[in-house]
1. Which of the residues belonging to region 327-383 are outside any strand (DSSP E or B), within 18 Å of H402 (Cα to Cα) and of a type in the set (D, E, K, R)?
2. Given the criterion assigned by TED's automatic domain parsing to the domain that holds F432, in contact with a His (Cβ under 8 Å, 6 or more places away or on another chain) and more than 19 Å from P284 (Cα to Cα), identify the matching residue among G219, G175, G186, G150.
3. Does region 150-158 include one or more residues that are small (G, A, S), under 23 Å from the mean Cα position of the chain (by Cα) and modelled with pLDDT under 90?
4. Which residue out of G407, G418 is outside any strand (DSSP E or B), under 11 Å from L370 (Cβ atoms) and without any contact (Cβ under 8 Å) to a residue 60 or more places away in the chain?
5. Going by the structure shown, is S117 surrounded by 19 or more Cβ atoms within 10 Å (Cβ to Cβ), among the polar types (S, T, N, Q) and modelled with pLDDT under 85?
6. Does I368 satisfy being at pLDDT 95 or above and assigned by TED's automatic domain parsing to the domain that holds L223?
7. Would you tally the residues in region 21-42 being at pLDDT below 85 and either out of contact with any strand residue (DSSP E or B) (no Cβ under 6 Å at 6 or more places or on another chain) or surrounded by 15 or more Cβ atoms within 10 Å (Cβ to Cβ) (or both)?
8. Enumerate the pairs (first residue in region 308-319 and farther than 14 Å from R293 by Cα; second residue anywhere and assigned to a strand (DSSP E or B) and among the basic types (K, R)) with beta-carbon separation below 9 Å, excluding pairs fewer than 6 apart on the same chain, so at least 6 apart or on different chains.
Amino acid sequence: MGSNGEDPHRFMTIENGYDIRGPKWSPDGRRVLYLKNRLGGTESSVEARAVAGGATDVLYSGTGLLDFWWTSDGHLIYSQAVPSEQATYELWALPVDISTARRTGEARRLTRWVGYSPGFVSVSADGKRIITTKGYTQSDVYVAQLEANGTRLKAERPITTDTRSDWPTSWTKDGKAILFFSDRNGPFGIFSQTLSDPAAQPVVSGQGDARAPQITPDGQWLLYMVWPELKAGSTTGPVRLMRLPLAGGPSTAVLETRGAFASGITFSVVGEQDTQGKGGRIFPDFRCPSSPRGSCVLAEADQDQIVFTPFDPIQGKKAEAARVRIPPSRLFWDLSPDGSRIAYGEFYPGGGEEITLIPIEKGTTQRIPLKGWTNLNSVSWSADGRSLFVTTSRREGSDMLHLDFDGKANWICCAATGRWVVNPRPSPDGRFLTYAVRTVDSNVWLIENVAK
């Protein structure tokens, strides 16, 4: 469009199965740059599309690309995650001719950070200085008392106080302990912690990247997922759903999952690719109901949709129950306590204003609009299955809402900025609520551009 908003017209259409971030102008204003990601894949590319004619050039392609800038002296500055045991990130400069959008030399690494990730990249007009953010993301497990039929929180406090990533997913059947996964010992492992115990007890460790612990409806098994190791942009195997007998004994595999995100890509609570692997939104995923009459449900990514399939912890998958055509990077969901319905929503900045309920077998679909609320990013059923907990994610922080099926939303948390709340999970008796609180420690850094 023009500088006053006149003559707006479509410039390009994003291909099905892809997402982009940006866009940014080329130094001469003749091209638009953007970072293109294949949903569920590890490969990304920085592409330049001509304003006149629509020709597209790939400036650079690789894995773990985060952000970019095309400088006035003809260098593509880009930040990139490097697969390693510790989170490692690099900043590179690639010489690219402004007039032809062709490379004119080899890329040069400007810096490397271990444990801290760069964010947005900006370069001064003369190309001599680079500004970027350098930060670290962590999450902790919190718990609070529920009052007034779940419409009010009281006495919030952290259960974990380390500087790692801790993500609660469920409770034990008796409601005395919270089950969560954490990378405090390196790869993610499964832990249990009571409300009165200051220390977490390890449940599963040394099996790779173990996540999402949940108890089966009959109370006999602990189910969890083991994600493959990510090396050089690829993985060493599929995502496996495992079962551990609570009475004692070794873990065994239930089934191997499929889906676009079995490659190891995860998503942060704000819906962006999480190259640190610390995100709470992951596919494949699963939920188990509290009722012994219900079945656990597996959610798998299939290109631009999610497939829901009930399964048995011994016999494996049953018949497919439902499909939801929402990009996996945007969908969040939960299973009702009786296992009869799925609640889901779609996250995208400035939108996502409703929760949808769909039946597993029989029943009708119900849409619940949230008047005045957007940026919804997680949902959970109440312990009695008669209402929902919903969280939002905005740049300044989060809200947590108690939602009735008639659309009445009560705000119950959280006034503080700089905190993002996700994955609320009520205790079996409905007296407590656990959830993850994500925080980011970030500073702005100035780097002298040695590529000059």
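1. Hits for region 327-383 are E353, K371.
2. Among G219, G175, G186, G150, only G150 is assigned by TED's automatic domain parsing to the domain that holds F432, in contact with a His (Cβ under 8 Å, 6 or more places away or on another chain) and more than 19 Å from P284 (Cα to Cα).
3. No, that holds for no residue.
4. Sole residue among the options that is outside any strand (DSSP E or B), under 11 Å from L370 (Cβ atoms) and without any contact (Cβ under 8 Å) to a residue 60 or more places away in the chain: G407.
5. yes
6. Yes: the conditions hold for I368.
7. 7
8. F308/R323; T309/K317; I314/R243
The values are calculated or read from the model by the stated rules, or taken from the named source; none is laboratory data. Being a predicted model, the structure only gives us computed values, none of them experimental. Methodologically, a virtual Cβ is constructed for each residue, glycine included, from the backbone with ideal geometry; neighbour enumeration extends over all protein chains shown.
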